[in-house]
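The values are calculated or read from the model by the stated rules, or taken from the named source; none is laboratory data. The shown structure was predicted, so the numbers you read here are calculated from the model rather than taken from an experiment. Neighbour counts run over all protein chains shown; Cβ positions are idealised from the backbone, glycine included.
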Amino acid sequence: MRIPCPCCGSRDRREFTYYGAAVFLDRPAPDAGLEAWDGYLHLRDNPAGVTRDLWYHDPCAAWIEVERDTLTHRILSTHLVEDAAAALRAARPEAQP
Amino acid sequence: MADLKPTVPLAGLNEAIGRARLAALDPGRVTSVAPWPGRNVDAALAPLGLHFPPPGTVIAAQGARIAWAGRQLAFLIGAEPPAALAGVAALTDQSDGWVWVHLSGADASAVLARLTPLDLRPSAFAVGTVARTVINHMQALILRGAEDGFEIAVFASMAGTLHHELTEAMRLVAARARI
Ligand SMILES: [Zn+2]
């Protein structure tokens, strides 16, 4: 499997570390309630198809959000978590830490 | 206070095996340059004739070089950092932190290909560019100075492992050529 790093271009999967589902970026507000926090911390989908997850490109130290298809191993898109987080902050200013 | 003498890892290394040669390399002063968020370091680098390199790029001028070395990180090589740089970037002296070797020869690519998942074809890794990648389990910085010439840097504490991995791969490639 090869993953396109937004910094480095197409690289071998051995250069990456898997972190987990991309929902980690969408942190609930501190007062969102037990159910929201339980879901955020513990509940994950296991889709047969398109999924979004977080990978770390070890050599260049970039966190990357990867959209990929679990049925075909095709990578649909990648972008820096820095950019995804900025977009989330813009969409939900009340969730600012 | 003990009088400690600085030593250079792999000093004097110059080993030819088959059609590849591994030699020690002294890049001079190496400083990592990490621009503070939102700051532009180009004006501070201008006295050296340099600017901050885009990913994969090496810029050279007046004997100094600056090589991209990771996300929002570059290595200034062979020059003292200009004073103005300290105001716009985090600077760390890496001269003793990394060990550098030069791998050259007709089989240099074949040797490296045994150790790194990086695509070494010149169409993917062009002469004059730089890549962050891994050499087996070691984090590495590789500058391609020529089609068959690579400057390779890893953390200085791994100098012995780098030497072992590279010479072992050189031996295997040479043995393969004799079949
Ligand atoms: Zn990268």
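Which residues, taken from the range A:1-12, are loosely packed, with under 13 Cβ neighbours inside 10 Å and without any contact (Cβ under 8 Å) to a residue 40 or more places away in the chain? Scanning the range A:1-12 gives a single hit, A:10. When residue A:1 is tested against the conditions (1) modelled with pLDDT of 95 or more; (2) among the hydrophobic types (A, V, I, L, M, F, W, C); (3) closer than 27 Å to residue B:125 by Cα, the lone failure is (1). Of the candidates B:101, B:88, the single residue that is free of Cβ contacts under 8 Å to residues at least 60 places away in the same chain and either within 11 Å of the chain's Cα centre (by Cα) or closer than 26 Å to residue B:35 by Cβ (or both) is B:88. Considering the range B:65-85, the residues that are closer than 14 Å to residue A:57 by Cβ and within 11 Å of the chain's Cα centre (by Cα) include one that is surrounded by the fewest Cβ atoms within 10 Å (Cβ to Cβ), namely B:68.
Is it fair to say residue B:112 is within 14 Å of chain A (Cβ to nearest Cβ) and crowded, with 18+ Cβ neighbours inside 10 Å?
Values: within 14 Å of chain A (Cβ to nearest Cβ): yes; crowded, with 18+ Cβ neighbours inside 10 Å: yes.
Criteria met by residue B:112.
So if I check each of B:141, B:73, which one is within 12 Å of chain A (Cβ to nearest Cβ), of a type in the set (A, V, I, L, M) and in contact with a Cys (Cβ under 9 Å, 6 or more places away or on another chain)? Please lay out each step first, then the result.
Working: B:141 fails: in contact with a Cys (Cβ under 9 Å, 6 or more places away or on another chain).
Only one candidate passes the filter, namely B:73.
For the range B:1-41, the set of residues classified as in contact with a Phe, Trp or Tyr (Cβ under 6 Å, 6 or more places away or on another chain), within 16 Å of residue B:91 (Cβ to Cβ) and assigned to a loop (DSSP other than H, G, I, E, B) consists of B:41 only.
Among the listed residues A:84, A:21, A:48, which satisfies the condition of being under 30 Å from residue B:124 (Cβ atoms) and more than 14 Å from chain B (Cβ to nearest Cβ)? Steps first, answer last, please.
Values: A:21 fails: under 30 Å from residue B:124 (Cβ atoms); A:48 fails: under 30 Å from residue B:124 (Cβ atoms).
None of the other options fit; the residue is A:84.
Looking across the range B:118-135, the residues that are free of Cβ contacts under 8 Å to residues at least 60 places away in the same chain and either surrounded by 16 or more Cβ atoms within 10 Å (Cβ to Cβ) or away from every other protein chain (no Cβ under 14 Å) (or both) come down to B:118, B:119, B:120, B:122, B:125, B:127, B:133, B:134, B:135.
Of all the residues in the range B:94-115, those that are closer than 29 Å to residue B:79 by Cα and in a loop (DSSP other than H, G, I, E, B) number 5.
Inspect all residues belonging to the range B:112-130 and state whether any of them is in the same structural domain as residue B:163 (by TED's automatic domain parsing), aromatic (Phe, Trp, Tyr) and touching a Leu at 6+ places or on another chain (Cβ under 9 Å). Checked the range B:112-130: at least one residue is in the same structural domain as residue B:163 (by TED's automatic domain parsing), aromatic (Phe, Trp, Tyr) and touching a Leu at 6+ places or on another chain (Cβ under 9 Å). All of A:57, A:73 fail the test of being surrounded by 15 or more Cβ atoms within 10 Å (Cβ to Cβ) and out of contact with any Pro (no Cβ under 8 Å at 6 or more places or on another chain), apart from A:57.
When the range B:32-58 is filtered for residues that are within 25 Å of residue A:9 (Cα to Cα), surrounded by 19 or more Cβ atoms within 10 Å (Cβ to Cβ) and more than 14 Å from chain A (Cβ to nearest Cβ), the ones remaining, listed by number, are B:33, B:41, B:50, B:58.
Residues of the range A:18-43 that are surrounded by fewer than 12 Cβ atoms within 10 Å (Cβ to Cβ) and in contact (Cβ under 8 Å) with a residue 12 or more places away in the chain: A:18, A:20. Taking chain A and the strands (runs of 3 or more DSSP E) fully enclosed by it, the elements with 2 or more residues that are under 11 Å from the mean Cα position of the chain (by Cα) and within 16 Å of the ligand (Cβ to nearest atom) are at A:16-21, A:50-57, A:62-69, A:75-80.
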